[in-house]
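All remarks here apply to the structure that follows.
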Amino acid sequence: MNHHPAPVAAASVAPPGSPALAWRCTALIFLVYCLYLPFSGYSEMAYDALNYWTLTERFFRAGRFSLLAYDDALRGYFLPLLNLPAKAVTHFTGADPLVLTRLMGAAYAALFFGWAAPTLWLRLFPAHRLGWGARLAFAALGFLFWRDYFNFVLSDFPALLALVLSLGMALRGRSVGAAGLAGFGSLAASNIRPVYLLAVPVVLGLLLVAQPTARRRLLAAAGFLLGAALLTGPQLLLNGRHHQVWSPLVLSRDARLPTANLYLAQLGWGLVIQKYETSLDPTFPSPRMLYTDPAGQALLQRQGIRHFAGYGAYGAAVLREPLAFAALYGRHLFNGLDVQYPSLLVRRVAGRSGLLSGVQYSVWFGALVVAGHLRGARRWRLGLVLAALLLPCLASLPIAVECRFLLPLQVLLYAVACFGGSQLAWQTMAWPRARIGLLVAGYVLFLTLCFTLSARTRQHLTHDVRVLAPLGGAEARP
């Protein structure tokens, strides 16, 4: 007599890569953050976290809401608009704002780490299968290094989530609606964080290349532009009404700065500061944690720069000493990736974990090894997705970098190590001993180099804002 396995038992396990598994992981991640964030040690918002939360108040004049009342020249309208329902709940119920921002943060974390990022990976590598192990490892790395960011309504993860969703839409954009969502999502990312504007033409290119005919490309382009217009139209009206500049893009202006242009000011700060963080530690003399760069300060003195009046002046400075600038921005790359604290607001400056840094550097090394063995993606699709993710990081390298500015590269390394590594793990069992020995030696050398560079950077930590005085930036926050 033949015995067959019960179909119910087989159906109870979601296959790797299935939507059911993705949503189960998403729900689990949401629950973990909801349980963790109330006990993370933060009792109030401050600095950027508070600023993003209070931006919603700019939609109101004389107690009445108006979309066209928003008048901030530095930040776009879309993220404050997303925060408006939570702000309304706190206003009418008296609830603690952190309760609402933590719920929103948990939702952002769950959607990004549990669903959006793994889904984009599977669209690039359709032959891969992502089980619980790979998905939870990816989410665990996000938790280890970024968990406290989700206490607050910051711009970093909402912007990256919008970009990743738009890339997913572009990859599957066989309808005008999907093309419209790709346009809306990519412009939403750039409205939340203007540096993501560099990714917009790449998303459009990805969408068009994926179309099989000229007619479909024309329809996709029309859908993309319509979605983009729905997002940028209000910004155009706001800029014209309040600042007399008829641009659909965020102006990124700050009247406190010598050039009024935030990015130009950041280019100057990036010469003397290789990394910036914000402290809430009462034992640290200032909220500003400035990691100075002696080589960059010497470069500033040789060039005689006070601030860059325009991008041409910056380009001329780079051409005069290209190798010095390349080395400077190489240090920015390392320090921008070197996450020492899991929060924007550092509660204990001395609370760095050597073990956590070791995990981080190991993930980098693993991602580099795995990247050389990844197969199964169409090169043009993979290349365009990488360009969309990495161009904003490249634009962030010259400035006074914060780790969150390189967030797309950070999570890309996690994904390669966890998702790609899960596909290749079995292959390493067949590697020759000599190859494994060489890999171990390289790993030890890599860890030694990373710990050395990190320690050297920490030696230059200061709170003294006078290091910015030669750039005219002593009164402005980097």
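Points to keep in mind about this one:
- Hull shadow area, averaged, the stretch 13-128 [alpha-carbon convex hull, nm²]: 10.1
- With all pairs of separate Cα atoms included, the stretch 94-163 yields a Kirkwood hydrodynamic radius of 13.1 Å.
- With semi-axes defined as the square roots of five times the eigenvalues of the C-alpha gyration tensor, the equivalent ellipsoid of the stretch 19-243 measures 30, 27, 12 Å, largest first.
- Largest-first principal axis extents of the Cα set of the stretch 262-476 (Å): 59, 42, 27
- Stokes-Einstein diffusion for the stretch 176-299 at 20 °C, viscosity 1.002 mPa s, with a Kirkwood radius from C-alpha pairs, works out to 123 µm²/s.
- Gap separating the Cα centres of the stretch 300-354 and the stretch 137-164, nearest whole Å: 23
- Computed label-point distance, nm, for sites Ala295 and His463 using a 7 Å Cα→Cβ extension: 2.9
- Heavy-atom accessible surface of the stretch 217-328: percent carbon and sulfur, 1.4 Å: 65
- The stretch 300-382 - accessible surface per residue (Å², probe 1.4 Å): 51
- For the stretch 35-193, carbon and sulfur atoms together expose 66% of the accessible surface, with a 1.4 angstrom probe and every protein chain in place.
- Long-range amide H partners of Val346 with built H, under 5 Å: Thr278, Ser279, Leu280
- Using C-alpha pairs below 8 Å separated by at least 6 residues, the relative contact order for the stretch 262-476 is 35 percent.
- For the stretch 191-197, 3J(HN,Hα) per residue [Karplus equation, 6.51 cos²θ - 1.76 cosθ + 1.60, θ = phi - 60°, Hz, x = Gly/Pro]: 6, 6, 10, x, 5, 6, 4
- Rolling a 1.4 Å probe across the protein heavy atoms gives the stretch 19-243 an accessible surface of 40 Å² per residue.
- Relative contact order of the stretch 19-243, defined on C-alpha pairs under 8 angstrom at six or more residues apart (%): 23
- Kirkwood estimate for the stretch 208-276, i.e. one over the average of 1/r between Cα atoms, Å: 15.2
- Largest-first ordering by accessible area, 1.4 Å probe, given options Ser190, Ser66: Ser66, Ser190
The values are calculated or read from the model by the stated rules, or taken from the named source; none is laboratory data. Just so it is clear, the model here is predicted, and its values are computed rather than measured. With ideal geometry, Cβ positions are generated from the backbone for all residues, glycine too; neighbour counts draw on all protein chains shown. Keep in mind that these areas ignore ligands, DNA and RNA; they rest on the heavy atoms of the full protein, side chains included. Shrake-Rupley method; radii C 1.70, N 1.55, O 1.52, S 1.80 Å.
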